[in-house]
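The values are calculated or read from the model by the stated rules, or taken from the named source; none is laboratory data. What you are looking at is a predicted structure, and each value in this text was computed from that prediction instead of being measured. Don't worry about glycine lacking a Cβ; one is built from the backbone with ideal geometry, like all the others, and counts go over all protein chains shown. Areas reflect the complete protein model, heavy atoms only, side chains present, ligands, DNA and RNA absent. Shrake-Rupley method; radii C 1.70, N 1.55, O 1.52, S 1.80 Å.
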Amino acid sequence: MSFETLGLRADILRAIADQGYSTPTPIQLQAIPAVLKGGDILAGAQTGTGKTAGFTLPLLEKLSAAPATQTGGRRPVRALILTPTRELAAQVFESVRDYGKYLPLRSTVVFGGVSINPQMMKLRGGVDILVATPGRLLDLVNQNAVSLRQVEVLVLDEADRMLDMGFIHDIKKVLALLPKQRQNLLFSATFSDEIKALADKLLDQPTLIEVARRNTASERVTQRVHPVDRNRKRELLSHLINQGDWQQVLIFTRTKHGANKLTEQLQDDGISAAAIHGNKSQGARTKALEDFKRGAIRALVATDIAARGIDIDQLPHVVNYELPNVPEDYVHRIGRTGRADSEGIAVSLVCIDEIKFLRDIEKLIKRDIEKEVIAGYEPDPNVKPEPIVLGRRMTIGAGAGKNGGGRSAAKKPALGQKPKNGNGKTQQKDGAPRKPHTGAKPQGNGNRANAGKPQQARRPQAAN
Ligand code: AMP
């Protein structure tokens with residue numbers, strides 16, 4: 001199947017060819033005709049599936065096919081794309097620009113963390129397509145810099161993340177500013193009760209599109225766990241980067257502080273690195289990402305939210321320096337590699353404190369991840385599990401103290417303690433115990449206890 005059969009005009013097909021894409025991805029095959037037909041859409045797709053082009057291409061086609069009814073001076077915003085993060089907004093905008101480069105449509109992107117004035121100027125000139133994060137969009141509306149009264153198509157991209165990040169009120173405010181008659185496209189990687197409630201409210205008899213369920217989507221990615229002691233992770237990471245001569249590796253930590261510290265340590269080890277997280281200015285984040293993309297730095301250390309939507313073609317290596325406490329985040333993280341046509345490797349450095357997290361992840365992805373102990377970095381069997389501190393007053397795992405965790409030391413810390421033989425990279429498949437004795441229990445804040453409930457309730461915002 002080729003793009004030519006999907007009902008897109010020649011100028012769009014030419015732009016697609018410029019990107020080097022010849023075959024539509026499954027989500028594109030389904031979404032493009034469905035959006036062109038009209039009507040609302042509920043699409044389950046994670047990043048890496050080609051979903052951005054899935055909504056951008058038909059959007060461009062529709063707007064080109066039916067020119068705006070221009071009332072008054074400037075062009076009205078006809079398509080509004082909302083995204084949870086600045087990075088994702090910037091990347092979606094890049095796609096709109098790339099795919100629309102031969103069309104006479106105008107577009108811009110607005111997000112917080114940068115000066116509002118240039119954005120107001122851009123909007124004053126009139127744009128057909130606006131990509132925005134919700135908070136800044138509302139600021140601009142409040143300042144009369146933009147009107148949403150003529151929006152014909154609304155896209156909510158990564159709607160689950162928007163809810164995770166607490167944007168539901170902003171979204172509702174935006175919805176109230178839109179005309180009733182419009183097409184709504186909702187993209188979400190997961191379908192929590194909250195998303196379903198939003199979809200019920202927002203969508204009118206939507207066409208359902210689902211491709212590659214989230215927990216099986218990353219099959220192209222080779223996943224591996226390296227069991228290691230918590231205080232030797234940094235050493236092992238530098239070893240892996242140097243031994244493997246990794247030139248571009250995205251590394252995840254659980255906290256902003258952890259990202260900063262690791263970045264400094266990698267630099268001390270002679271590995272060029274930068275951190276990207278919510279405490280960094282937008283300028284610093286953009287620069288770090290650009291440096292990383294063009295190969296000026298080898299390691300980009302990120303927290304989960306900051307890394308949302310980071311789109312790097314053919315990113316070869318992702319490292320979970322710390323496993324996420326929300327198992328879905330693991331899938332999001334490893335989805336940064338092995339995208340579209342390329343292959344990738346996702347490596348997790350797992351210490352005894354994280355066995356419960358690992359089990360939850362393996363349950364979610366419905367398979368055991370290969371364990372490989374690296375010779376020289378064998379975990380010490382005498383190390384006891386410790387609680388994991390996520391932020392101030394937020395602790396998970398063994399020995400969480402007052403909040404009811406109760407320290408119960410591992411009787412059998414069996415996370416691949418020894419290589420089976422001493423010849424370097426020794427396989428130790430399925431080394432993790434089925435029932436780790438970490439004594440890890442849901443803690444006071446209920447993070448683990450709420451598994452299965454809407455993510456907003458269990459995501460510790462403090463961690464990002
Ligand atoms: P997305 O899921 O929108 O984040 O896209 C994931 C990646 O796939 C991006 O790097 C796109 O540039 C790339 N991509 C999108 N569509 C195609 C396609 N039809 N063929 C190859 N790569 C694609």
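Summing +1 for each Lys or Arg and -1 for each Asp or Glu among the other residues whose beta-carbon sits under 9 angstrom from that of residue 160 gives -3. In this structure, the amide hydrogen of residue 223, modeled 1.01 Å from its nitrogen in the peptide plane, lies closer than 5 angstrom to those of 346, counting only residues at least 5 positions away or on a different chain. Database remark: amide H of residue 275 closer than 5 angstrom to the amide H of 301 (H placed geometrically; neighbours at sequence offset of 5 or more, or on other chains; Pro and chain starts carry no H). Computed from phi, the 3J(HN,Hα) profile of region 113-122 under the Karplus parametrisation 6.51, -1.76, 1.60 (θ = phi - 60°) reads x, 10, 4, 7, 4, x, 5, 5, 4, 4 Hz, with x in place of Gly and Pro. With coordinates expressed along the principal axes, the C-alpha atoms belonging to region 3-210 extend over 43, 41, 30 Å, beginning with the largest.
The phi torsions of region 160-167, fed into the Karplus equation with coefficients 6.51, -1.76 and 1.60 and a -60° offset, translate into couplings of 4, 5, 4, 6, 3, 8, x, 8 Hz, rounded to whole numbers, with Gly and Pro shown as x. Heavy atoms of the protein chains alone define the surface here; on that basis region 4-114 has 37 Å² accessible area per residue at 1.4 Å probe size. Split the accessible area of region 327-386 by element, probe 1.4 Å, and carbon with sulfur accounts for 47%.
Give me the net charge for the shell around residue 272: Cβ to Cβ below 9 angstrom, other residues only, Lys and Arg +1, Asp and Glu -1. For residues surrounding residue 272, the net value is 0. Put simply, the amide H of residue 246, placed in the peptide plane, has no neighbours under 5 Å, leaving out anything fewer than 5 places away on its chain. For region 61-206, the share of accessible area belonging to carbon and sulfur comes to 49 percent (1.4 Å probe, ligands and nucleic acids excluded). Taken about its Cα centre, region 3-210 carries a charge dipole of about 860 debye when Lys and Arg each add +1 at the Cβ and Asp and Glu each add -1 at the Cβ. Using the Karplus relation 6.51 cos²θ - 1.76 cosθ + 1.60 with θ = phi - 60°, the per-residue 3J(HN,Hα) values for region 189-205 come to 7, 10, 10, 6, 4, 5, 5, 4, 5, 5, 4, 4, 6, 8, 9, 10, 6 Hz, with x marking Gly and Pro.
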